[in-house]
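Following: one structure in structure tokens, then a few remarks.
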Amino acid sequence: MTAGRHAPARVDLVLPCLDEERALPWVLGRLPDGVRAIVVDNGSTDRSAEVARDHGATVVREPRRGFGAAANAGLEAATAPFVAFCDADASLDPAELPRLLLPVERGDADLVLGRRRPTTGSAWPVHARFANRVLAARMSRRTGVRLHDLGPMRVAVTARLQGLGIRDRRSGYPLEMVLRAAVHGWRIRELDVPYLPREGRSKVTGTVRGTVTAVGDMSRIFREVHA
């Protein structure tokens, strides 16, 4: 259910990827019609790139380590009218994308974020959930928009997002996207999406240390981007 070989994609889905060969077949097998997957290999030591190609994805290599570096490389490679982002670890279902895309297509929103709703208690570690709650409260105060989650699944118009000037190349990239969108007066909306137990261990929220590092990056973004 991917975009046909000769039919241009309507949505480019950016999938930052580091050692996700086990998760990619499920993720890429869930793509809706009209969606092209751009898997950004961020230095994988497994067969992630080969698996992605075997499942019809476009593979972009980004040797600079960091979620933001991978996400930005995918954004730069996007050519479809709309661009979406999603984790490559099978914690989020790409089949949800049409529902998130609809408000952007209709012109009712400029950036749609998927608010994660855990399907099991193990899907979202307590320390990561608490950190997200704190960040969401700060985002709400800064942007004036009631937000509950710094959702990794999101959709926007490609050209507008490419022109937003996001600079962070680490864990602060998703937050900077939201803050800069608010600065530019974008209409930001949340929609619920199921959040599944990921395949393998998270590189960021799988440990307390990783979560603390991410919070540090995001605190820096709050200081640097002023709404």
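Nearest-5 percent of antiparallel DSSP beta bridges in the chain?
25
In nanometres, what is the gap between the two model label sites at R133 and R220, each 7 Å from Cα along Cα-to-Cβ?
For the pair R133/R220, the computed spacing is 2.7 nm.
Return a whole-number percent for the relative contact order of segment 1-120, with Cα pairs under 8 Å and 6 or more residues apart as the contact set.
It comes to 29 percent, rounded to a whole number.
Taking every pair of distinct Cα atoms and averaging 1/r, then inverting, what Kirkwood hydrodynamic radius in Å comes out for segment 154-199?
12.2
Summing -39500 (n - 2.57) over the DSSP H runs of n ≥ 4 in the chain and dividing by its residue number, what mean residue ellipticity at 222 nm do you reach, to the nearest 500 deg cm²/dmol?
Estimated from H runs of four or more residues: -11000 deg cm²/dmol.
So what are the radius of gyration and Dmax for the Cα set of the chain, in Å?
16.1, 46
Based on the mean of other beta carbon atoms within 10 Å per residue, what is the order of 26-39, 96-109, most packed first?
In descending order of packing, they fall as 26-39, 96-109.
Mean separation of Cα pairs under 8 Å and 6+ residues apart, divided by the residue count of the chain: what relative contact order is that in percent?
Result for the chain is 22 percent.
Please turn the phi angles of segment 127-137 into ³J(HN,Hα) values with the Karplus equation 6.51 cos²θ - 1.76 cosθ + 1.60 (θ = phi - 60°), one per residue in order, whole Hz, x for glycine and proline.
The phi angles translate into 5, 6, 5, 5, 4, 5, 4, 5, 5, 5, 5 Hz.
Rule-based calculations on the coordinates, nothing more; no lab input. The structure presented is a predicted model; accordingly, all values stated were derived computationally and were not measured. All Cβ positions, even for glycine, are placed from backbone atoms using ideal geometry, and neighbour counts span all protein chains on display.
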